[in-house]
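Peer 1: Here it is, the structure in full.
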Amino acid sequence: MASEILVWLGIYALAAAMLVPGIAAYRGIWRRWAPQQQPHELGKHSYFGFTMFYGGLLIAIGMTGAIFTVLGAPQFVSDVLLLAGALVLMLVVASVIHLPRVLLPSWYCQWVDAGAREDDVLLAGSNPYTWVFRSRAGRQDTKRAAPAPDGSANRQTGPVHWTLSVSIVRPYRQRTAKCKKLGK
């Protein structure tokens, strides 16, 4: 029984190792994969980061279903997990070929609409795990507070906990807004 638990934990670790870069890809923190077409991908643009997310989700759902079956859960629970796994499997296959625009994050849609230039996404971090371990704790910044009684703007300063995505996504949005104004 102890060896089975270690195997289950190992498979969940594999799922987590795939989910973390997938979440980073969806949040726009890890973008270096976007301009590089993978050999197994059939579509016009790369969806590798999203495939990592859906693959990790599929492994986690499948492993949970296997554990529930071994532990003797009701048939309804196994059926729901099987249905969820089948839906996620379709998303994995779709992410190899082409994901619908509805399932793509806004940064990816903006990048494709802007011409899918490689230098736009290479500015983002190269390591998909950095957003998990790094934060900007203690950074002094201004936060908007309620207006003062006299109607003037009241600004407070204090430590703000920023994630890495704020420092990457905001400049990208500003750059794309500037490009839209210039008509590029």
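The values are calculated or read from the model by the stated rules, or taken from the named source; none is laboratory data. If you're wondering where the values come from, they're calculated on a predicted model, not measured in any experiment. Here Cβ is always computed from backbone atoms with ideal geometry, including for glycine, and neighbour counts include all displayed protein chains. Calculation scope for accessible area: heavy atoms of the full protein, side chains included, ligands and nucleic acids excluded. Shrake-Rupley method; radii C 1.70, N 1.55, O 1.52, S 1.80 Å.
Peer 1: When Arg27 is evaluated against the numbered criteria (1) more than 10 Å from the chain's Cα centre (by Cα); (2) open to solvent by 70 Å² or more (accessible area, probe 1.4 Å), which criterion, by number, is the only one it fails?
Peer 2: That leaves (1) as the condition not met.
Peer 1: Hey, does the stretch 40-61 have a residue that's out of contact with any Gly (no Cβ under 7 Å at 6 or more places or on another chain) and touching a residue at least 60 places away in the same chain (Cβ under 8 Å)?
Peer 2: For the stretch 40-61, residues out of contact with any Gly (no Cβ under 7 Å at 6 or more places or on another chain) and touching a residue at least 60 places away in the same chain (Cβ under 8 Å): present.
Peer 1: Looking only at residues that are polar (S, T, N, Q) and within 17 Å of the chain's Cα centre (by Cα) in the stretch 30-57, which one is surrounded by the most Cβ atoms within 10 Å (Cβ to Cβ)?
Peer 2: Step one: list which residues in the stretch 30-57 are polar (S, T, N, Q), which gives 36-38, 46, 51.
Next cut, within 17 Å of the chain's Cα centre (by Cα) only: 46, 51.
Working: Ser46: 18, Thr51: 24.
This residue is Thr51.
Peer 1: Here is a follow-up. So which residues in the stretch 95-123 are touching a residue at least 12 places away in the same chain (Cβ under 8 Å), closer than 26 Å to Ile59 by Cβ and touching a helix residue (DSSP H, G or I) at 6+ places or on another chain (Cβ under 9 Å), if there are any at all?
Peer 2: Matches in the stretch 95-123: Ser95, Val96, Leu99, Leu103, Leu104, Pro105, Trp107, Tyr108.
Peer 1: Which residues, taken from the stretch 60-74, are open to solvent by less than 50 Å² (accessible area, probe 1.4 Å) and closer than 24 Å to Ala17 by Cα?
Peer 2: Passing the criteria: Ala60, Ile61, Gly62, Met63, Thr64, Gly65, Ala66, Ile67.
Peer 1: Of these, Val20, Val92, Val77, which one is surrounded by 14 or more Cβ atoms within 10 Å (Cβ to Cβ), among the hydrophobic types (A, V, I, L, M, F, W, C), in a helix (DSSP H, G or I) and touching a residue at least 60 places away in the same chain (Cβ under 8 Å)? I'd like the intermediate steps shown before the answer.
Peer 2: Numbers: Val92 fails: touching a residue at least 60 places away in the same chain (Cβ under 8 Å); Val77 fails: touching a residue at least 60 places away in the same chain (Cβ under 8 Å).
Exactly one of Val20, Val92, Val77 is surrounded by 14 or more Cβ atoms within 10 Å (Cβ to Cβ), among the hydrophobic types (A, V, I, L, M, F, W, C), in a helix (DSSP H, G or I) and touching a residue at least 60 places away in the same chain (Cβ under 8 Å), namely Val20.
Peer 1: All but one of (1) aliphatic (A, V, I, L, M); (2) open to solvent by 30 Å² or more (accessible area, probe 1.4 Å); (3) within 20 Å of Asp113 (Cα to Cα) hold for Leu6; which doesn't?
Peer 2: Only one criterion in (1) aliphatic (A, V, I, L, M); (2) open to solvent by 30 Å² or more (accessible area, probe 1.4 Å); (3) within 20 Å of Asp113 (Cα to Cα) is unmet by Leu6, namely (3).
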